[in-house]
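The values are calculated or read from the model by the stated rules, or taken from the named source; none is laboratory data. Since the structure is predicted, the reported quantities are computational estimates derived from the model, not experimental observations. We place every Cβ from the backbone using ideal geometry, glycine too, and count neighbours over all the protein chains shown. Note: accessible area is taken over every heavy atom of the protein model, side chains too, but ligands, DNA and RNA are not part of it. Shrake-Rupley method; radii C 1.70, N 1.55, O 1.52, S 1.80 Å.
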Amino acid sequence: MTDEKIKVNVFRYDPAVDQEPYYQTYNVPWEPGMSAMTALDYIYNHLDGTLAYYDHAGCDLGICSQCTGKINGKSGLFCQTAVKEEITLEPRKKERVLKDLITQRAESSK
Amino acid sequence: MRNVKTIETDVLVIGGGGAGFRAAIEAREKECNVLMISKGPLARCGATPMAGADYTLDGKSMSKIEGLTGDPNDSAEKVFNDIVTQGCYLNNQKLVEQYIKRAPQCLKELMDWGLKVKLSDERMIFTTGTGMMNVLLRKAKSVGVDLLEDVAVLELLTHENSVVGALGLNVLTGEFIHFRCKAIVMATGGWHKAFWPNTGMRDLSGEGIAMAHRAGADIGNMEFITFCCNTFYAPPMWRGSIAPYIISLICGGRLTNNRGEDVLKGYDSFLVEKGTLTEWNKSFLSFVTAKQARDGKVFANGGLHYTRGDASWEMMELVASMVFPNWKYKALDLTEWGRMLQENEPVEVGHAVEFFEGGIVINDQFETAVAGLYAAGECALGTFGANRVFAAITEIFTQGADAGNNAGEYAHNRQSADLDLSALKELKEKALQPLTVSKGERPAELRKRVQRKSQRYLGPIRNRDELETFLDYLEDIKVSVLPKLSTTNDSRTYNKEWMDALELPNMIQLLESSVRSALMRTESRGVHYREDFPDTDNDNWLQEIIVKHDTATFQLNQRPLTITSMSPPTGVTPYLDFMKQMMEAHSDTGGKH
Ligand SMILES: Cc1cc2nc3c(=O)[nH]c(=O)nc-3n(C[C@H](O)[C@H](O)[C@H](O)COP(=O)(O)OP(=O)(O)OC[C@H]3O[C@@H](n4cnc5c(N)ncnc54)[C@H](O)[C@@H]3O)c2cc1C
């Protein structure tokens, strides 16, 4: 890890308590070869335990594709998008947000 | 408390990896209603989609399947000999026989259902984990298995030592679900999440083994944990990926420490050859890497440098073009690594937890000590003994199919029992506790601390002092931290802290079982090496260690081996010498297994 920090702006919205979505900025230590997921993990582990992103069954290696979202407005996998400077992370569909970066599933799973 | 949905079914399958799917499909054949629950997204969770994946079977049967290679001179007897010697004789030989007998049929079925085979050798076919999951999902839907995703089962419900149901939690919404059923197949895989780094999905925290244990099933051989060698330690985006393991298994390469020394120098040359170019590499190289780490000879992330070494670039490029076409391993872009390999630049690699030989005790009908509770796949104990070289992938199909069949038969003519609502209420209150405790301990912090300690104290190399230190730590956590775990807010919607708090007690329970077993096993064998007992002791330790769950503590007992046709050796032999003997005992069939 270097001493360098980057700003990570994250889309936040809990429909149960928030009137509307907002963005929260976190300062995250930068390390070479880190991904947006590395940043989210850092935030959850060290800064803010309330942040929701798909992680209870993610693979972090580009295989399960559950961490799809928007990185600086572009669709991609959080776990396989390299982060080098300030970055904005959003859910794949803002209209279907369950909480923060988690969206509802398209259909019930039965 | 809110209204809770109750779902009724005949057979409840817990776990949506290969074993769970295969069990569900088979149970459906018995004209049962079958519900399969997966903690993560359908067909994209558990270890199965992460696998390479190889499926092993005897080469003779394989050679009779159209389109596959297979060595016609191979035989069931040779495979049996190989699995049992690789397992250093701790295998349940009845389960090994079942594996060998059922493997060809289970592969043919998969191919009939649409599985594509990428390549094959003497006794292995190579396909992809995601490809297998796609085939299973399609088949399960076509035969009418009910499927539920993003639901974690928290506890089993029993009545007079028979299963009657389970309590689940919808991870996304935070709603509880009551399940009422006649039989349960546990297929929840391993508990990789108790370690860091690891190679598994983030859903594998061992609740299945732990809840079966709490419900009255025994668990065993918990000290045997396989670490995959040569996984990426850096950069973070690749960490835990087994790509270098795959390349090094096929092409070789060089491992050096922070002093520039070739770490394999000084080891017996036969051991090095078999321990790098066959699937023995997981046990041998992880042992070597762990030793380097303990001697302080590792790089910043605790690993070694892997380079192409003397291996030819043409060969590596060719192999990569087959296993990672265009240097893409799914969404993982390894182009830069390709360049580094060509130019002989190092990447940092090391051992990471990959497979658990131990688990829920089952008999050859896949029954546990609790009536109606079956187990299959990685969460079950038995086939691989002290060390796995043959494919775990085969086992999830052979065991899944038979466990599903037996659970279906059991459920068929049985009435379901009523759920004990007051017991359920108590369980729910307990589960909700982290949401109500204020100013407690942060679950994420505890998980991180535990993961690092597991890696350090319960890795491939252990000793009494370290195991005792770890045990003290775990016992302390149990009393002073677990009850105080608390979430930042009480939202039930996708609350990661809550999930961590619910998973942690299960990991601690399995870690404690594992550490106690590792302490008890005063010898070295397979993937368990004790610095203070460096010999394989066939006079005293041809025994399994079974852990019984008592409300207050654990009871450890030795259990005699299940032997059908191959008697184990006697005598006491230094660890690596015995490993070499087991490698030498291999039949004349070639390939990686
Ligand atoms: C990276 C990697 C690569 C591997 N490669 C190979 C290979 O090439 N060849 C080989 O033979 N073996 C390989 N293995 C091992 C092999 O993949 C596994 O042993 C096997 O897939 C396990 O299958 P399973 O069905 O038993 O469990 P898993 O596939 O792990 O599935 C477990 C399921 O249980 C679910 N679950 C867990 N807890 C709960 C709960 N509380 N409630 C509900 N559901 C729950 C999970 O979400 C998941 O759906 C590999 C392992 C890893 C980690």
Computed label-point distance, nm, for sites A:Q24 and B:V479 using a 7 Å Cα→Cβ extension: 3.6
Minimum 30 Å² accessible area buried by the other protein chains, segment B:309-350 residues, probe 1.4 Å, relative to alone: B:K330, B:A331, B:L332
11 Å beta-carbon shell around B:G40, net charge (K/R +1, D/E -1): -1
Helix-derived mean residue ellipticity, 222 nm - over chain B, DSSP H n ≥ 4, -39500 (n - 2.57), to 500: -12000 deg cm²/dmol
Shielding score for B:231-241, defined as the mean number of other chain Cβ atoms within 10 Å: 6
Chain A - percent of accessible surface contributed by carbon and sulfur, probe 1.4 Å: 45
Compactness index (Cα Rg / 2.2 N^0.38 Å), the protein assembly as shown: 0.90
Three-way shape call for segment B:391-430 based on the alpha-carbon gyration tensor, with the a/c threshold at 1.5: oblate
Free-standing Cys, chain A [no other Cys Cβ under 4.7 Å]: A:C67, A:C79
Kirkwood hydrodynamic radius (C-alpha pairs) into Stokes-Einstein, segment B:511-593, 25 °C and 0.890 mPa s, D in µm²/s: 168
Dimensionless Rg over Rh [segment B:226-353; C-alpha; Kirkwood]: 0.93
Gyration tensor (alpha-carbon) shape descriptor, segment B:90-133, a/c threshold 1.5: prolate
Whichever lysines have a C-alpha closer than 20 Å to that of A:K70, once near sequence neighbours (fewer than 8 apart) are set aside: A:K7, A:K84, A:K93, A:K94, A:K99, B:K330
Computed over chain A, the ratio Rg/Rh where both radii use C-alpha atoms and Rh is Kirkwood: 0.96
GluC sites (Glu not before Pro) lying in DSSP loop within segment B:1-54, provided at most 12 other Cβ fall within 10 Å: B:E31
Total charge dipole magnitude, chain B, about the Cα centre, Cβ charges on Lys, Arg, Asp, Glu only, Debye to nearest 20: 1320
Aspartates and glutamates with Cα under 18 Å of B:K430, excluding same-chain neighbours fewer than 8 positions away: B:E155, B:E175, B:E207, B:D420, B:E441, B:D490, B:E497, B:D500, B:E503
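Using a 1.4 angstrom probe on heavy atoms only, work out the carbon and sulfur share of the accessible area of segment B:175-260 in %.
Here it works out to 48 percent.
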Translational diffusion of segment B:421-535, µm² s⁻¹ [Kirkwood Rh, Cα pairs; Stokes-Einstein; 4 °C; 1.567 mPa s]: 83
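Assigning unit charges at the beta carbon (Lys, Arg +1; Asp, Glu -1) and nothing else, what dipole magnitude in debye, to the nearest 20, does the protein assembly as shown show about its Cα centre?
1380
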Positive dipole terminus of chain B, leading residue within B:F287, B:Q543, B:T173 (C-beta point charges): B:T173
Of all accessible heavy-atom area on segment B:421-535, the percent that carbon and sulfur account for (1.4 Å): 50
Cβ-based charge dipole, the protein assembly as shown, positive-most Cα from B:G591, B:Y575, A:L101: A:L101
Cut-off 11 Å between beta-carbons: net charge of the residues surrounding B:I362, Lys and Arg +1, Asp and Glu -1: -3
Cα-Cα over 18 Å, subset of B:K425/B:K484; B:K108/B:K139; B:K282/B:K580; B:K118/B:K141: B:K425/B:K484; B:K118/B:K141
Spacing of the two label points (7 Å from each Cα toward its C-beta) at A:K84 and B:R559, in nm: 5.6
Qualifying lysines (Cα of each under 18 Å from Cα of B:K297; at least 8 residues distant if same chain): B:K265
Farthest positive-ward along the protein assembly as shown dipole, Cα basis, beta-carbon charges - from B:V353, B:P72, B:N463: B:V353
Segment B:10-95: projected area of the alpha-carbon convex hull, averaged over directions, in nm²: 8.1
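Compute the Cα gyration tensor for segment B:361-500, then decide on rounded, prolate or oblate, letting a ≥ b ≥ c be the square roots of its eigenvalues: rounded whenever a/c is under 1.5, prolate when a/b is larger than b/c in the other cases, and oblate in all that remain.
Oblate, because a/c is 1.5 or more while a/b does not exceed b/c.
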For chain B, diffusion coefficient by Stokes-Einstein and Kirkwood Rh (Cα), 20 °C, 1.002 mPa s, µm²/s: 89
Kirkwood hydrodynamic radius of segment B:54-118, Cα pairs, Å: 12.5
Separation of alpha-carbon centers, segment B:312-351 and segment B:72-128, rounded to whole Å: 29
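As a check on your grasp of the helix formula, calculate [θ] at 222 nm for chain A: sum -39500 (n - 2.57) over DSSP H runs of n ≥ 4, divide by the residue count, round to the nearest 500.
Mean residue ellipticity, 222 nm, calculated: -1500 deg cm²/dmol.
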For segment B:169-227 and segment A:66-94, distance of Cα centres in Å: 30
Peptide-level mean, for A:44-52, of C-beta atoms on other protein chains within 10 Å: 5
Cβ neighbours within 10 Å from other chains - mean over B:489-500: 5
Å² of accessible area per residue within the protein assembly as shown, as computed with a 1.4 Å probe and no ligands counted: 36
Trypsin sites (Lys or Arg not before Pro) lying in DSSP loop within segment A:68-107, provided at most 16 other Cβ fall within 10 Å: A:K84, A:R92, A:K93, A:R105
Filtered GluC sites (Glu not before Pro), segment B:505-580: DSSP coil and at most 16 other beta carbons within 10 Å: B:E531
